[in-house]
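In what follows, a single structure is set out as structure tokens and then discussed.
The values are calculated or read from the model by the stated rules, or taken from the named source; none is laboratory data. Please read all numbers here as calculations on a predicted model, not as lab measurements. Because the Cβ atoms are built from the backbone with ideal geometry, glycine has one as well, and the counts that use them run over all protein chains shown. We work out accessible area using only protein heavy atoms, side chains counted, and drop any ligands, DNA or RNA first. Shrake-Rupley method; radii C 1.70, N 1.55, O 1.52, S 1.80 Å.
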Amino acid sequence: MTITSRHRPATDLGFLLHKHPDKVQSFGQSFGTAHVFYPEAEEGRCTAALLLETDPQALLRARGTVDSPDFALASYVNDRPYAAASLFAVAVGDVFRTALKGRCAARPELPGTALPLELHLPAVPCRRGPEEARALFEPLGWTVRAEPVPLDPALPDWGDSRYLDLTLTGEMRLADALSHVYVLLPVMDGAKHYWVAADEVDKLLRAAEGWLPSHPLRNRITGRYLARRRTLVREATARLAAAEEAAEPEEADDPANEEQAPARTGTGGGTAEGRADREPPLAAQRAAAVLDVLKAEGARRVLDLGCGTGTLVARMLGDAFFERITGADASAVNVQRARRRLRTDRLPEADRRRLELFAGSAVYRDERFAGHDAAVLMEVVEHVDPGRLGALERVVFGSAAPAAVVVTTPNAEYNVHYEGLEEGAMRHSDHRFEWTRAEFAAWADRVAGEYGYRVRYLPVGREDARTGAPTQMGVFTK
């Protein structure tokens with residue numbers, strides 16, 4: 001397999017793969033040796049190659065744990081040395097382990113950057129032909145060229161083999177590209193050349209976490225990857241369903257979205273139940289407040305960072321004031337849900353031109369973040385590890401640098417009003433922290449000073465004289 005990047009400098013590919021372009025490196029496998037080398041490494045184009053040499057003797061020693069034909073030469077007469085199938089996927093997972101995890105200590109911003117990539121695999125077993133390859137890879141954003149390999153070029157009447165010359169072209173994170181290959185090569189082949197144990201479920205869900213739940217062929221992929229072992233398939237299906245349920249929009253878990261004012265007595269605000277028919281949910285108030293601020297700032301081109309399933313994007317799309325609406329979320333599953341929610345395939349052409357949705361993280365620089373009048377971080381910062389807030393600041397305020405940035409986050413002081421929320425607990429299980437008003441102001445004042453902004457603070461939701469409002473908003477302007 002060759003991986004080609006045209007990102008400048010293209011030699012950044014070496015940092016991402018953790019393999020130096022000037023070296024040829026070899027890695028022992030239980031069934032042979034994997035080699036990594038670079039046929040070309042220039043600033044404008046860089047290609048890394050992974051070559052797997054399988055060892056027939058090693059395969060023979062593993063014969064007892066492999067489902068293979070029962071004849072004497074089965075471990076020798078096969079396609080494993082020549083085709084990129086399940087053993088090749090194992091080598092990808094081993095040799096590029098760190099790249100698959102999206103880590104790069106030397107250049108921490110690189111793993112989150114979408115790169116123009118081309119992956120070429122000259123011989124891939126695919127029992128159902130080119131259509132199957134396209135059905136597997138195109139929903140993930142690839143442009144697929146799948147050409148059948150003839151049984152014998154000199155004898156065209158023999159027809160085509162079950163192998164494809166496969167080229168994948170697209171712009172995406174390298175970690176995502178490797179995860180697609182790692183999972184889908186054995187799926188295309190429909191067979192695994194090693195024992196499928198219970199830990200294969202963990203491998204599948206870990207490698208395909210960001211894209212398998214929303215893939216239209218999810219069940220087929222799960223079944224084939226797990227060699228149709230019913231117990232494992234049932235476990236994987238159940239865990240996918242549980243993860244999908246847990247990933248529903250935060251509004252379902254945040255008590256602030258159900259209760260709009262103190263739910264405990266003695267706070268001077270009555271009960272939430274008594275006001276439910278008079279006030280909209282806090283989530284709706286929050287979105288409305290953000291839209292009001294954007295309009296006041298004259299922001300017609302807006303980037304919603306951490307857009308989730310498209311709550312705010314949907315509101316902007318329905319308002320002709322906004323000319324360009326961009327939604328980005330670190331979860332590819334959420335982006336797919338946003339597309340379904342907005343029915344992007346049925347939108348009028350004028351709305352399609354206004355809208356762009358893609359997977360992207362607020363802690364990694366992305367050229368697509370630039371060119372907006374305003375960026376919105378609505379209930380996002382509290383989901384970022386404190387150690388990564390500096391990266392978020394550099395990306396949003398330093399690199400994207402819109403004229404306005406709107407940040408909303410829970411007010412930790414207000415949590416005492418939520419019945420059932422223990423003292424010191426946070427409103428959502430994924431929150432890394434929740435700031436008091438003073439803590440939020442200290443962070444916002446520092447960021448504004450460092451990046452040339454002014455900041456003002458607005459409450460969102462019913463205010464309490466002692467604890468303030470449930471949501472605090474900071475409006476940064478150049």
**OP:** Test each condition in (1) open to solvent by 30 Å² or more (accessible area, probe 1.4 Å); (2) outside the structural domain of ALA85 (by TED's automatic domain parsing) for LEU226 and report the one that comes out false.
**Re:** (1)
**OP:** Collect the residues in the stretch 425-439 that are open to solvent by 80 Å² or more (accessible area, probe 1.4 Å) and under 19 Å from ASP464 (Cα atoms), keeping them in residue-number order.
**Re:** ARG437, GLU439
Original post:
Which one of the conditions (1) part of a helix (DSSP H, G or I); (2) modelled with pLDDT under 95; (3) under 20 Å from the mean Cα position of the chain (by Cα) does SER361 fail to meet, given that it meets all the rest?
Top reply: (1)
Original post:
Quick one: is ALA135 among the hydrophobic types (A, V, I, L, M, F, W, C), in contact with a Gly (Cβ under 7 Å, 6 or more places away or on another chain) and touching a residue at least 60 places away in the same chain (Cβ under 8 Å)?
Top reply: no
Subject >> Residue satisfying all of: in the stretch 165-219; touching a strand residue (DSSP E or B) at 6+ places or on another chain (Cβ under 9 Å) and of a type in the set (Gly, Ala, Ser); surrounded by the most Cβ atoms within 10 Å (Cβ to Cβ) among these >> reply: ALA177
Original post:
What do you reckon, is TYR451 over 23 Å from ASN334 (Cβ atoms), surrounded by 15 or more Cβ atoms within 10 Å (Cβ to Cβ), among the aromatic types (Phe, Trp, Tyr) and at pLDDT below 95?
Top reply: no
Original post:
How many of the residues making up the stretch 354-394 are open to solvent by less than 10 Å² (accessible area, probe 1.4 Å) and polar (S, T, N, Q)?
Top reply: 0
Original post:
Which of the residues spanning the stretch 10-51 are open to solvent by 50 Å² or more (accessible area, probe 1.4 Å) and not in a strand (DSSP E or B)?
Top reply: PHE15, HIS18, HIS20, ASP22, LYS23, VAL24, SER30, GLU42, GLU43, ARG45
**OP:** Considering only residues that are of a type in the set (Val, Ile, Thr) and touching a Phe, Trp or Tyr at 6+ places or on another chain (Cβ under 8 Å), look in the stretch 77-106 and name the one that is most open to solvent (accessible area, probe 1.4 Å).
**Re:** VAL90
Original post:
For the stretch 126-142, does any single residue satisfy the condition of being assigned to a strand (DSSP E or B) and surrounded by fewer than 19 Cβ atoms within 10 Å (Cβ to Cβ)?
Top reply: no
**OP:** Could you tell me whether any residue of the stretch 341-355 is in a helix (DSSP H, G or I) and either under 19 Å from VAL384 (Cβ atoms) or polar (S, T, N, Q) (or both)?
**Re:** yes
Subject >> Count - residues of the stretch 52-93 that are of a type outside the set (Ser, Thr, Tyr) and either modelled with pLDDT of 85 or more or part of a helix (DSSP H, G or I) (or both) >> reply: 20
Subject >> Any hit, the stretch 230-238, residues being under 22 Å from GLU132 (Cβ atoms), out of contact with any helix residue (DSSP H, G or I) (no Cβ under 7 Å at 6 or more places or on another chain), surrounded by fewer than 17 Cβ atoms within 10 Å (Cβ to Cβ) and not charged (D, E, K, R) >> reply: no
Original post:
Of the residues in the stretch 97-120, how many are part of a loop (DSSP other than H, G, I, E, B) and touching a strand residue (DSSP E or B) at 6+ places or on another chain (Cβ under 8 Å)?
Top reply: 1
**OP:** Out of PRO410, PRO402, PRO470, report the one residue that is within 18 Å of THR326 (Cα to Cα) and open to solvent by less than 10 Å² (accessible area, probe 1.4 Å).
**Re:** PRO402
**OP:** Within the stretch 1-26, track down each residue that is closer than 18 Å to LEU174 by Cβ and either of a type in the set (S, T, N, Q) or over 28 Å from the mean Cα position of the chain (by Cα) (or both).
**Re:** THR2, THR4, SER5, THR11, GLN25
Subject >> Where SER429 falls short, out of the listed (1) more than 20 Å from PHE369 (Cβ to Cβ); (2) assigned to a strand (DSSP E or B); (3) within 31 Å of the chain's Cα centre (by Cα); (4) of a type in the set (Ser, Thr, Tyr) >> reply: (2)
